Amino acid sequence: MHPIERLRYVARVGGVDQGELIREASAALGGFGSDTGGLIVSCRRLLDRHPSAGALWTLCARLLTTGDLAGEAWRVSEEIDGDKTVGHVARLIPDDATLTVVGWPELVALALPKRGDVEVLCIDASGDGTHLSRRLRGADVEADDVPDAGVGAAAAASDLVLLEANCSGPDGFIAPAGSYAAAAVAHHAGVPVWVVVGAGRALPQKLWEVAVTRLRRDEPWEAAEEVVPLDLADRYIGPTGGGPATDLATRSDCSPVPELLEHH
């Protein structure tokens, strides 16, 4: 398939995990060769379509600063596929804990079946939580459906609120709608809030600002994603393990490439 045709497919796809998105985008963008102009335009179009996909920002930034386009595309795809965050999440979750999760967090959903000792309260988030709870029950994990209206009660009744960032920046992270409420209630109730930030999802300040700008809309209460302030989180888990959430303020998985800073 020609790179342009593949990119049209990638731009249209919605609701896919970032691992799949990066595999498709890497294959397409890595085929542009010396066509730098075409690469820039294609990166911008993909990011317009998937503005909160942190790993896509990292892929585009790295491809625009390399002299080995095909090789770098392959390396980024391998890094995302080999992300060790899932293993760290499974290892660090406290024993016999009751967890609140929102929607279908891609990496957390892979980690939870490894922990049959936990109970998971799955916030619906437009039906994603219901699908996750079914999958977890099929893997012999105790899981309950919680309607969006119950997010506060679930967070307050949990031992841990476990959120997943689609992307993060120095002062916040983008997560499914309902995550802000879960984090705020938990923070007020003294329940720990952990945020999972997978490989490639931590952006430098300037790219983070662009991502947040693209996410804004006139009626934010209808948005599928929202920005959660980092100061509501206590701890984060990433590819190298866990640490204080404040460490995210200095983590950056790519550089602020000028070609991606303009809003198109």
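Read-outs: derived from the displayed coordinates by stated rules, not from any lab. Note that the coordinates shown come from a computational prediction; the quantities given were computed from them, not determined experimentally. Neighbour counts are summed over all protein chains in view; Cβ atoms, including those assigned to glycine, are modelled from backbone coordinates with ideal geometry.
Per residue, how big is the convex hull of the range 58-158 when only Cα atoms are used? Give it in Å³.
Taking the convex hull of the Cα positions in the range 58-158, it is 123 Å³ per residue.
Any chance you could list P(r) for the range 200-242, counting all Cα-Cα pairs in 5 angstrom bins from zero, rounded to whole %?
For the range 200-242, the binned pair fractions read 5, 16, 21, 24, 21, 10, 3, 1 percent.
Around residue 232, with a cut-off of 13 angstrom between Cβ atoms, what is the net charge of the other residues, counting Lys and Arg +1 and Asp and Glu -1?
Summing Lys and Arg as +1 and Asp and Glu as -1 gives -3.
Any idea how far apart residue 223 and residue 171 come out in nm if each label point goes 7 Å out from Cα toward Cβ?
1.5 nm
Subtract the Cα-Cα distance of residue 117 and residue 65 from 0.36 nm times their separation in residues, and report this length gain in nm to one decimal.
So the chain would gain 14.2 nm between residue 117 and residue 65.
Using the per-residue mean of other Cβ atoms lying within 10 Å as a proxy for protection, in what order, highest first, do the peptides 45-52, 106-113, 195-202, 222-229 fall?
Working: 45-52: 19.5, 106-113: 21.4, 195-202: 27.6, 222-229: 16.6.
In decreasing order of mean packing, 45-52, 106-113, 195-202, 222-229 become 195-202, 106-113, 45-52, 222-229.
In sequence order, what are the phi-derived ³J(HN,Hα) couplings for the range 25-39 according to the Karplus relation 6.51 cos²θ - 1.76 cosθ + 1.60 with θ = phi - 60°, rounded to whole Hz, with x for glycine and proline?
5, 4, 4, 6, 5, x, x, 7, x, 8, 7, 5, x, x, 5
So who's got an amide H within less than 5 Å of the one on residue 143, skipping anything under 5 residues away but keeping other chains? H placed 1.01 Å off N, in plane.
Answer set, sorted by chain and number: 120.
Report the full-extension gain for the segment residue 96 to residue 41: residue separation times 0.36 nm, less the Cα-Cα distance, to one decimal in nm.
On the way: separation 55, 0.36 × 55 = 19.80 nm, distance 4.90 nm.
Answer, rounded to one decimal: 14.9 nm.
Taking Rh as the Kirkwood radius, which is the inverse of the mean 1/r over Cα pairs, what is the Rg/Rh value for the range 124-264?
Computed over Cα atoms, the ratio is 0.99.
For the chain, take the longest principal axis of its alpha carbons; what is the angle in degrees between that and the long axis of helix 54-63, to the nearest 10 within 0 to 90?
Taking the Cα atoms of the chain, the angle to 54-63 is about 20 degrees.
Counting other C-beta atoms within 10 Å, which of 88, 131 has the fewest, and how do the rest follow?
In order of increasing Cβ crowding within 10 Å: 131, 88.
How far is helix 69-81 tilted off the main Cα axis of the chain, in degrees rounded to 10, range 0 to 90?
The two axes meet at around 10 degrees.
Count the net charge of all other residues whose Cβ sits under 14 Å from the Cβ of residue 62, scoring Lys and Arg as +1 and Asp and Glu as -1.
Summing Lys and Arg as +1 and Asp and Glu as -1 gives -4.
Counting every Cα pair in the chain, what percent are over 23 Å apart?
More than 23 Å apart: 49 percent of the Cα pairs in the chain.
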